[in-house]
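The block underneath contains the structure these notes are about, expressed in C-alpha cells.
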Amino acid sequence: MKMLMQVSQSSLTVIFTKSAIRRKSFCFLKKCDFSSQKVPNNKITRKSIVTPFPPLTKPIPNLPKAIYATAKEEHQVTKVTVLSNGLRVASENRFGQFCTVGVLLDSGPRYEIAYPNGISHFLEKLAFGSTKTYKNKDQIMLALEKHGGICDCQASRDTFIYAASAERRGLDTVVQILGDIVLRPQITEDEINAARQMIRFELESLLTRPEQEPILMDMIHAAAYRNNTLGLPKICPKENIDHIDRKILFEYLKHHYTPHRMVVAGVGVEHEDLVLAVQKYFVEKKSVWEEEGEKEQKKNSSISVGKFSNTVDASIAQYTGGYILEECNVPVYAGPSGLPELSHVVIGLEGCSHQDSDFVAMCVLNMMMGGGNSFSAGGPGKGMYTRLYTNVLNRYHWLYSATAYNHAYADTGLFYIHASCTPSHVRDMVEVIVHEMVTMTNNITDNELARAKKQLQSMLLMNLEQRPVVFEDIGRQVLATGSRKRPEYFIQAIDEISKDHVTNVARRLLKSPPSVAARGEVRTVPSIGDIQAGLIDERGRLPGSRSRLSLFR
C-alpha cells in the first residue's frame, strides 16, 4: 500500500494506457486469427499455399532463359564471313544488353590525291544525314533512340568509321541505318551548306584555341610525306570549302565506298543475325551510284562526273622528311592559368607499319619515352617515370610539355616528339629533344623496360574492356589483314621484347631523315641540316652548341 501511494499519478496513467493498448492489440490479432495462443489442427507444410505468388522452389513461368557471362575461350572468338560481293562481316558476341555495330572503310585523306583536299572532312560533317529511307537526321536519331541508341562518325588519315550503339533487339534497325548512310545518302544542297558553315567555324576555332595538336598533326605529316598519301591534309583547306560540291562528293563515294574496301563489325551480337541483316541492307539493296549506273547515262547527270572518273589511289606512302615552319602568335589560355605564350616544335622520324615485325617494339619504345605536361604530372601511373619526364620536364623549368607519339599505318609509320616552351628557349628545346632521340639507344635499364612493358599491357587490356574499343579493334584488324589477333597474342609479344629489340628499333629510327614542324614564334628553330647533324652526332649535339654552356652536364 505504501509503495502504491509513492507512485505518481502520471506513471499510473501511462501503465493503464499501455495495458489498454495490449488488450486491443490482442483482440485484433485474435479476430484476424493471428493469435500465438491458437494451435492449428493442420500443420503448414512445404506444399501449403500461404501467398498468391509462385513458390521460390519452382522457376517463374514465361520468363526468358537467363544468359550468363562466361570467360571460356570458345565464347570469345571473332567470327568473319565474306559475302558474295566481297564485303566482310566480323563480330564477337559479348555479354550485355547493348551492342555496337559499325562500318569501317579504306577511305580518308590519303586517298584524295586526285580530288580537292578536304572531302573526308566534309563527309565527316555530313554523316547520318538524309537518306532514301530517312528524310533527315532527326528521323535517324528518333529511330535510334527507340532502342536507346547513339551514333558517331570518325575519320582518320586512312580509315573512315560509321558506328552506332543500341540495344541488341534493335540490331536490324541499326544495320538498316548504317546501310542507308553509307550506300544511299542524299546529300542535299542544304546539308552541304550546313557542312560548309561547320567547317568554317571549326577552322576559326582552331586558330583561336591554345591547343595546337590538330594543326601540328597535319603539319608534321605534310613535312614527313610531302605531297603524297599521308601528307595530304585532314583539315579542309579554306580555299576548298566552296569548291567541294555534291558531284565531287558522289564521285569520290562511288570509287571508295565499295564492298571490297568495307568491313561491317559488331560486338555483342549473334554473328548469324548480323550476317543476315548485312545481306539484306548492304547486298540486296543497291547503292545510289549503282542505281544511277544502271540507268542511261546522261550528260547532265546529278551524280556522274567525268573530271574525276578514275580509280582509287593505291600508291605506297613515300616518307621524304621535311621542314615546315609557321610564324604566328599562338593564343594564350584564358583565366588565371599562369601559362605564357608558347612556341611548339615537333620532330619526327620514320617509324614502321602495324604489320612490321618491329611494331610491338616500337610501341614499347613509345611508352618508355612517354612524356606529358609539366603542370599536370599526375601520379606514377600517368608516366612520371618515363624518360621525357625524368630527363626533360623535371630538369628544364622552361619546358611546358614534351610527349612522344607513334602512328602506325598499313605501309609506314611516324614516330615524333612534340614539345612546347617559351619563345626565348626554342633553340634549347630543339637541342634537348634531339639529344633525347639520340640517347634512346643508350642505357636502357631493366626497371624502365619492365615498367614500359607493363604500362603498355595494362593500357591495352583496360581499353579493351570498353565495347566500342573492341569494335574498332576488330574492324581495323579485319580491314587490314582479314582476321583478328586476340589480346593474348599482343600480351605475349610485349613480354618477349628485350633491350636489344628496343635498341635496334631506336637505331632504325635514327637512320631516317628528320621531319620538323613548328608553330608560334619559331624564328630561332635550327635548320633541318643542323637537326639532322645533331641526330647523327653520338652525343646528340647541334652544330655550334659545343662553344657555349652545355645543357647536358
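The values are calculated or read from the model by the stated rules, or taken from the named source; none is laboratory data. Here the structure is a predicted model, which means the values were calculated and not measured. FYI the Cβ positions are ideal-geometry reconstructions off the backbone, even for glycines, and counts take in every protein chain you see. Ligands, DNA and RNA are stripped out before the accessible areas are found, and what is left, the full protein with its side chains, is counted by its heavy atoms. Shrake-Rupley method; radii C 1.70, N 1.55, O 1.52, S 1.80 Å.
The phi-based Karplus calculation (6.51 cos²θ - 1.76 cosθ + 1.60; θ = phi - 60°) puts the 3J(HN,Hα) values of region 405-414 at 10, 9, 10, 10, 10, 5, 10, 6, x, 9 Hz, whole numbers, x for Gly and Pro. Checked against a 30 Å cut-off, the cross-linked pairs Lys125/Lys485; Lys454/Lys485; Lys125/Lys511; Lys146/Lys485; Lys146/Lys234 give Cα-Cα distances beyond that limit for Lys125/Lys485; Lys125/Lys511; Lys146/Lys485; Lys146/Lys234.
Calculated on the Cα set of region 74-297, radius of gyration then Dmax: 18.1, 54 Å. Thr51 contributes about 60 Å² of solvent-accessible surface, heavy atoms of the protein only, 1.4 Å probe.
Can you tell me the order of 102-110, 282-290 when each peptide is scored by its average per-residue count of other Cβ atoms within 10 angstrom, highest first?
Details: 102-110: 24.7, 282-290: 16.6.
Highest-to-lowest ranking by the protection proxy: 102-110, 282-290.
Using heavy atoms of the protein chains and a probe of 1.4 Å, the accessible area assigned to Cys328 is about 30 Å². Peptides 205-212, 226-233, 426-433, ordered by how many other C-beta atoms sit within 10 Å of their residues on average, highest first, read 426-433, 226-233, 205-212. Tell me the relative contact order for region 322-536 as a rounded percent, counting alpha carbon contacts under 8 Å between residues six or more apart. 35 percent.
Take region 322-536 with all the other protein chains still there, run a 1.4 Å probe, and you get 43 Å² of accessible area per residue.
Cα-based values for region 322-536, radius of gyration first and Dmax second, are 18.0, 52 Å.
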